[in-house]
C-alpha cells in the first residue's frame with residue numbers, strides 16, 4: 001500500500017509517500033518539503049503568511065512527491081494529514097487538502113498527530129517496537145514520552161517554558177547568527193569555546209524529567225550584553241542545552257528500565273546532540289536524513305503504523321487543533 005502524508009503544521013509544506021509492505025515493513029518512497037523563507041525577515045514564523053504560502057505551494061509539492069515516488073495519484077491506497085497541534089490556519093490547508101484527495105480517490109483518510117509523526121520518523125531507519133522512550137525536541141516542542149505499548153504514550157517530562165528549538169532561535173537572533181537558529185548556532189559553535197561562558201544546567205537537581213530553557217536564554221542575553229563573542233556564546237549555550245537534554249533523558253530511561261530511546265524533531269539534527277547521545281550506552285534511534293524537521297513522510301509513516309495496527313480511518317469531519325496533547329502526565 002502506498003500512503004501519502006501531508007504536513008502543514010507550521011512553516012514547512014511537506015508531502016511524502018511511504019510504502020507499507022505486506023510483511024509490515026515500511027520504505028520512504030518520496031519526501032518533498034518547501035521551506036518558507038519569507039519568515040526570515042521577522043526572525044520567527046508569521047502565521048498568516050505561513051497559511052498563504054501553504055495554499056500557494058501545496059499542489060506543486062504534492063506533484064513533486066508523486067514524481068519522486070514514480071507513481072500516479074491513482075496508485076495511492078490511503079492519505080494521512082496532520083490535524084494538530086500547530087498553527088490552525090496552516091493546519092487547515094493540509095488537512096482539507098488531504099481530506100479532499102482521499103474523498104476524490106475513495107480511499108481511507110487518517111488525521112494524524114504531529115508529534116506521533118515525529119516519533120515514527122525514526123521508523124524509517126530501524127523497526128520500532130515498544131517499549132521505548134521518545135524525546136521530541138523541536139522549535140515548538142520538547143516532550144519526553146514513555147511508550148509502553150505501540151500507539152500508547154505517557155508524558156513523563158516536558159519543557160516548563162520555552163522549547164529547546166525556540167531557545168536556539170532566540171540565542172541565534174540576539175547574537176546575530178541568522179535564522180533558523182538551530183543550524184546557525186551549530187555552525188557558529190564549531191568556532192567557539194564551549195567553556196567561555198559559565199552557564200548552569202537548568203533543573204539539574206530535579207527528581208522529575210522536565211526541561212527548562214527560559215533561564216538559559218536569559219543568561220545568554222546577559223552574556224551577550226557583557227560582550228561574549230557570538231561563537232563562544234553559541235558553543236557555550238549549545239553545550240549546556242545538549243547536556244540538559246541528554247542527562248534528563250538518560251536518567252528517565254534508566255529509571256523506567258528502557259533500553260531504546262527515540263530522539264526526533266528539528267533539534268535532533270544537531271551534531272553535538274547526536275554525539276552526546278551516542279556516548280550514553282543506550283540504543284538511540286534518530287530519523288533518517290531529511291526527516292528530523294517537519295515533513296510529510298513522517299505523517300505517512302504514522303499513518304502506516306495506524307494501518308498496521310488495525311486502527312479505523314478517521315471521518316472527514318475531524319477539524320484542526322492548535323493545542324492537541326499526544327498524552328498527559
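Every read-out reported here was derived from the displayed coordinates using simple, explicitly stated rules and does not represent laboratory data. As the structure is a computational prediction, the values presented were derived from the model and not from experiment. Note that each Cβ is placed from the backbone with ideal geometry, even for glycine, and that neighbours are counted across all protein chains shown.
A few comments on the model shown:
- Most mobile of 174, 216, 20 in a GNM of the chain (Cα contacts under 10 Å): 174
- Among 63, 206, 103, the largest mean-square fluctuation in a Gaussian network model of the chain (Cα springs under 10 Å) belongs to 206.
- For segment 1-102, a/c is not less than 1.5, where a ≥ b ≥ c are the root eigenvalues of the C-alpha gyration tensor, and a/b tops b/c. That puts it in the prolate class.
- The distance linking segment 1-21 with segment 296-329 is 12 Å (Cα centroid to Cα centroid, whole angstrom).
- When only Cα pairs below 8 angstrom with a gap of at least 6 residues are kept, segment 130-285 shows a relative contact order of 28 percent.
- Highest average packing first - 264-273, 77-86, Cβ atoms within 10 Å: 77-86, 264-273
- For 279, 258, order by how many other beta-carbon atoms lie within 10 Å, fewest first: 279, 258
- Compared with the direct C-alpha span, the chain from residue 103 to residue 206 gains 32.1 nm at full extension, assuming 0.36 nm per residue.
- Separation of segment 191-210 from segment 227-278 is 10 Å, based on Cα centroids.
- With only Cα atoms counted, segment 130-285 has Rg and Dmax values of 15.2, 50 Å.
- Least to most buried among 7, 59 (fewest other Cβ within 10 Å first): 59, 7
- Linear extension gain, residue 154 paired with residue 214, 0.36 nm per residue minus alpha-carbon span: 19.2 nm
- Between segment 111-138 and segment 30-102, the Cα center-to-center distance that results, in Å: 20
- Ordering 307-313, 112-118 by mean Cβ neighbour count within 10 Å, with the highest value first, yields 112-118, 307-313.
- Note on P(r) over Cα pairs in 10 Å bins from 0, in percent: of the candidates (i) 6, 24, 30, 25, 10, 4, 1, 0; (ii) 6, 27, 33, 23, 8, 1, 0; (iii) 5, 18, 23, 21, 16, 9, 4, 3, 1, 0, 0, the value calculated from this structure sits at (ii).
- Projected label points at residue 67 and residue 322, each 7 Å from Cα along the beta carbon direction, are separated by 3.7 nanometres.
- Helical content of the chain, expressed as a calculated mean residue ellipticity at 222 nm, amounts to -12500 deg cm²/dmol (DSSP H runs of 4 or more residues, -39,500 (n - 2.57) each, divided by residue number, nearest 500).
- Among beta bridges from DSSP that stay inside segment 130-285, the antiparallel ones total about 60%.
- Mean separation of Cα contacts under 8 Å, 6 or more apart, over the residue count of the chain: relative contact order %: 25
- Cα pair distances exceeding 22 angstrom across segment 44-194, given as percent: 57
- Legend: calculated FRET efficiency, residue 259 to residue 221, from the Cβ-Cβ distance at R0 = 41 Å, rounded to 0.05, equals 0.55.
- Pairwise label distance in nanometres, residue 274 with residue 56, each label 7 Å out on the Cα-Cβ vector: 3.3
- Residue exposure sequence - 9, 129, 214 - by fewest surrounding Cβ within 10 Å: 129, 214, 9
- Rounded to the nearest 10 degrees, the angle from helix 296-308 to the longest Cα principal axis of the chain is 60 degrees.
- Result for the chain in a Gaussian network model with C-alpha springs under 10 Å: among 276, 300, 172, the largest mean-square fluctuation is at 276.
- The antiparallel fraction among DSSP beta bridges confined to the chain stands at about 60%.
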